[in-house]
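Report on the following structure.
Coordinate-derived values only; no laboratory data. None of the values given here were measured: they were computed from a predicted structure. Here the Cβ positions follow ideal geometry from the backbone for every residue, glycine too, while neighbour counts run over all protein chains shown.
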Amino acid sequence: MGTAPIYKKIMNTKIDLKSALCGLAIGVLAMLVVAAAESSTPVGRYQVAGGAGSFTIVDTVTGQAWGASTASIQGAQAGFWDKK
């Protein structure tokens with residue numbers, strides 16, 4: 001009975017305010033640096049829509065669209081399965 005349970009030892013850990021604020025500042029700075037980095041590929045360029053046995057992929061930059069039916073997947077338009 002001379003030792004305290006482990007959860008009481010963990011809960012008694014003290015954190016000084018200066019260390020907490022320094023850690024928070026470093027975290028915010030790192031987040032801003034990552035958010036400021038540019039992506040080489042545009043996000044959301046390709047949109048996919050589908051329903052009732054068919055689907056379409058649209059390139060929102062060029063306006064080109066590819067469509068296919070799930071009933072005849074081999075009958076997809078030329079270029080549908082090409083890497084985009």
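Distance between the modelled labels on SER54 and LEU32, one decimal in nanometres: 5.1 nm (7 Å Cα→Cβ projection). Estimated at 0.36 nm per residue, the fully extended path between VAL61 and LEU24 surpasses their Cα-Cα distance by 9.4 nm.
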